[in-house]
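Visitor: After the structure tokens below, expect a handful of questions from me.
The values are calculated or read from the model by the stated rules, or taken from the named source; none is laboratory data. Just so it is clear, the structure is predicted and the values come from calculations on it, not from any experiment. Here the Cβ is made from the backbone with ideal geometry for all residues, glycine too, and neighbour counts use every protein chain on show.
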Amino acid sequence: IGETNYMFKSGVFASISNVEDLLHPEGEIMRRLEKYYMSAENTLESLKRYIEAWRALDFESLLGEDSLSKDRYYERKRLGFRMKEGELRLQLRKLQSKTATSKNKRGDDFPLANFLHQDEKENETSTEDIESQIVKVQSEIQLVQAEYDKYDVKTHKKTSAAVTRMSAGGVQHPVDTYLLMKRLTKEWHDIEKSLLKLHNDTFKVLDDGDHDREKYNFPVAADLNGAAVALIRLQDLYDLNMKEFGDGLIPAAVTNSNHDIRSLGKLRTWDYILLGKEAVKLGYNKRAIQWFKLAVKNSDTEELTDEEREIITGLRSTILKYESMALEDKSKKKKKKSKKSKGNSKEYMPTEKVLLTYEEEAKMQNKLCRGENLRSPDEESRLVCRLERLGSPFLLLMPLRLEEVALQPRIVLFRDFLTTKQTKFLIKKAKPQLHESTHGNMDGYDVSMIRVSMTGWLPDELNPYDPIHKITRKIEIATQMHASHSDEAEDYQVANYGIGGLYDVHADFGMTNFRGMGDRLGTFLIYLSDVTAGGATVFPHLGVRVEPQLGTALFWYNLYRSGKRDQLTRHGACPVLHGSKWITTKWIHYNAQFHKRPCSLSRDERYNYP
Ligand SMILES: O=C(O)CCC(=O)C(=O)O
Ligand SMILES: [Fe+2]
């Protein structure tokens with residue numbers, strides 16, 4: 001497998017849609033291999049049938065009369081033989097062209113070849129000769145059959161069935177996505193290797209396979225490692241039971257639907273070893289040991305290759321060593337700790353003056369992603385939801401379903417802001433525009449691990465009948481701000497997060513004077529899909545977690561009324577654990593709202609609307 005194209009940045013699944021694209025070539029190669037196998041099998045079958053027929057052929061009765069002269073007897077016999085021989089020759093040629101090249105390694109002792117090259121003029125062929133040839137041919141057939149069986153096409157079909165089911169329901173599960181990646185990299189590689197060993201250049205399947213690999217941007221070994229990294233991170237962040245996760249269980253508690261989710265496939269010892277290795281590379285040493293332990297435990301229940309058995313033996317002693325070292329470490333630390341004074345752990349309190357450090361922020365993000373509740377009942381009891389008409393005639397018959405999420409700064413949700421049809425429209429329209437997300441940094445824009453998703457931009461058509469503009473109008477009504485023109489708000493950014501897709505904690509402001517529009521005052525984020533597990537939007541400083549829900553809109557102000565940046569609005573997106581997340585965002589800028597949102601003299605006054 002040539003390391004030519006990198007479809008995924010190693011270490012991440014860039015997007016679920018990419019993974020789905022891979023199902024196509026996977027199915028295509030599978031079909032080709034199967035077709036090939038079937039035709040070879042058919043040739044063998046008809047050959048066998050022919051040989052049986054040949055055997056059943058009663059030469060004596062074919063010749064009929066004993067009174068025939070010796071010459072005539074042989075002439076007739078040859079005739080019968082020739083007739084069948086022509087057919088046999090054809091069949092054998094077909095088979096031969098598939099199983100061996102002209103420079104067959106087995107050379108002269110290949111009975112089919114001998115049989116075929118028999119001098120046609122030779123006329124004294126006895127029935128015994130033919131019988132012995134048939135025996136030879138049969139043993140050759142058995143040999144070829146055994147070789148075909150080695151391709152293990154039938155076992156392969158089973159995995160392929162899982163892949164087909166996956167394509168029907170979309171690749172949703174991290175374990176299945178990983179297994180698909182493994183199939184397209186390691187497993188195909190193994191099959192190709194064994195095919196090449198057997199048949200040099202005769203397997204057309206392989207050439208086409210290479211061609212497809214380029215055409216479809218097949219993943220390479222590094223991508224499999226990337227998929228492994230995603231599994232390690234997800235297990236770690238969502239604190240999943242390793243064995244259960246490896247078997248494909250995502251428990252109801254961490255889903256957004258309160259149902260257990262199961263994968264189609266399961267991890268095996270080989271995978272646990274890989275996860276351990278990748279965890280070491282990530283510096284997740286404790287997790288690495290846990291994965292390795294699982295590999296060792298799992299190895300008892302599985303048939304291993306020699307290589308795997310050797311690795312497991314090595315792992316057993318590594319684990320023992322590590323654990324005795326860790327034990328020593330612990331007792332040392334304990335002694336040190338006991339000297340220190342206790343009660344130094346600070347409890348989190350969202351105040352304006354003490355901002356969280358980056359480290360604390362990330363910790364809070366993780367807690368919120370796991371679904372921990374970080375606000376007091378008292379705080380939550382102050383939040384209300386209501387039907388909101390905002391004095392707008394447009395909302396008279398169908399008011400907005402407003403739900404407060406936080407008060408200072410104000411964050412609100414609008415439930416059912418878009419219809420399913422509208423969300424589908426946006427996704428469809430944005431799909432061709434998607435590319436790997438970038439995020440701003442000191443030197444400009446970068447593709448990175450901070451923001452793992454695909455994004456694209458959709459402009460507003462400014463035509464009252466345009467479906468996108470209708471959405472903008474609704475946003476303008478809900479926020480009572482200007483958002484139609486290019487000097488009022490940005491285009492729609494559509495983002496798709498695949499499994500493991502995330503956005504680390506960040507602020508949306510900082511576009512100091514984007515196109516003379518001022519900074520990003522408001523973020524209007526609409527969830528275009530449900531996400532089965534993970535993918536929440538979280539505000540670590542506020543202890544807020546919002547679960548994605550198709551059609552729901554999330555709105556907040558990034559700035560104070562004075563234009564000052566509000567650090568408490570820093571937020572992030574939790575990694576998608578199962579499914580695929582789609583959002584669209586419209587950033588509404590500051591300058592154009594000077595009438596609608598007059599600034600205040602106090603630097604620290606926040607907006608309180610709607
Ligand atoms: O995906 C999310 O939930 C948040 C996205 C976000 O913060 C952004 O695009 O700026
Ligand atoms: Fe953001």
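Visitor: What number of residues in the range 530-560 are in contact with a helix residue (DSSP H, G or I) (Cβ under 9 Å, 6 or more places away or on another chain) and among the polar types (S, T, N, Q)?
Guide: Counting residues in the range 530-560 that are in contact with a helix residue (DSSP H, G or I) (Cβ under 9 Å, 6 or more places away or on another chain) and among the polar types (S, T, N, Q) gives 1.
Visitor: When the residues of the range 263-292 are filtered to those that are in contact (Cβ under 8 Å) with a residue 24 or more places away in the chain and part of a loop (DSSP other than H, G, I, E, B), which remaining residue is nearest to residue 250 (Cα to Cα)?
Guide: Ranking the candidates gives 263 first.
Visitor: Within the range 560-597, restricting attention to residues that are under 22 Å from the mean Cα position of the chain (by Cα) and part of a loop (DSSP other than H, G, I, E, B), which residue is nearest to ligand 1 (Cβ to nearest atom)?
Guide: Within the range 560-597, the match that is nearest to ligand 1 (Cβ to nearest atom) is 574.
Visitor: Continuing with the same structure: From 509, 524, grab the single residue that is within 13 Å of ligand 2 (Cβ to nearest atom), surrounded by 20 or more Cβ atoms within 10 Å (Cβ to Cβ) and either among the β-branched types (Val, Ile, Thr) or outside any loop (DSSP other than H, G, I, E, B) (or both).
Guide: 524
Visitor: Specify the residue that is nearest to the chain's Cα centre (by Cα); the eligible residues are those in the range 264-310 that are surrounded by fewer than 19 Cβ atoms within 10 Å (Cβ to Cβ) and among the β-branched types (Val, Ile, Thr).
Guide: Only one residue tops the list, namely 280.
Visitor: The conditions are (1) at pLDDT below 95; (2) over 18 Å from residue 233 (Cβ atoms), and residue 505 fails exactly one of them. Which is it?
Guide: (2)
Visitor: Evaluate the following for residue 487: is it within 16 Å of ligand 1 (Cβ to nearest atom), among the acidic types (Asp, Glu) and either in contact with a strand residue (DSSP E or B) (Cβ under 9 Å, 6 or more places away or on another chain) or under 30 Å from residue 360 (Cβ atoms) (or both)?
Guide: In short, no.
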